[in-house]
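So the structure is just underneath, and the comments pick up after that.
No lab work stands behind these numbers, since they all come straight from the coordinates. What you are looking at is a predicted structure, and each value in this text was computed from that prediction instead of being measured. Positions of Cβ are backbone-derived with ideal geometry, glycine not excepted, and every protein chain shown enters the neighbour counts.
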């Protein structure tokens, strides 16, 4: 089960109630082929990135990144 609150997602095993992973982002639509795909600004505030999370394990992978325009970068 995937729950969403303001700015993050958490996944739980329904049978055990154990949290499987947490910390996804708003910009996602649906689970596709066992993954959630989402975009965000990287932690350094320099790039827009596209990531995926494997729903069953919480494994994350960076798929793409590109520099943000100067006016959107964190200063």
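Observations
- For the range 2-72, the relative contact order is 20 percent, taking Cα pairs closer than 8 Å that sit 6 or more residues apart in sequence and dividing their mean separation by the residue count.
- When each of the peptides 45-51, 9-15 is scored by the mean number of other C-beta atoms lying within 10 Å of its residues, the order from highest to lowest reads 45-51, 9-15.
- Across the range 2-72, Cα-Cα distances exceeding 18 Å account for 41% of all pairs.
- Neighbour-count order for 68, 63, fewest beta carbons within 10 angstrom listed first: 63, 68
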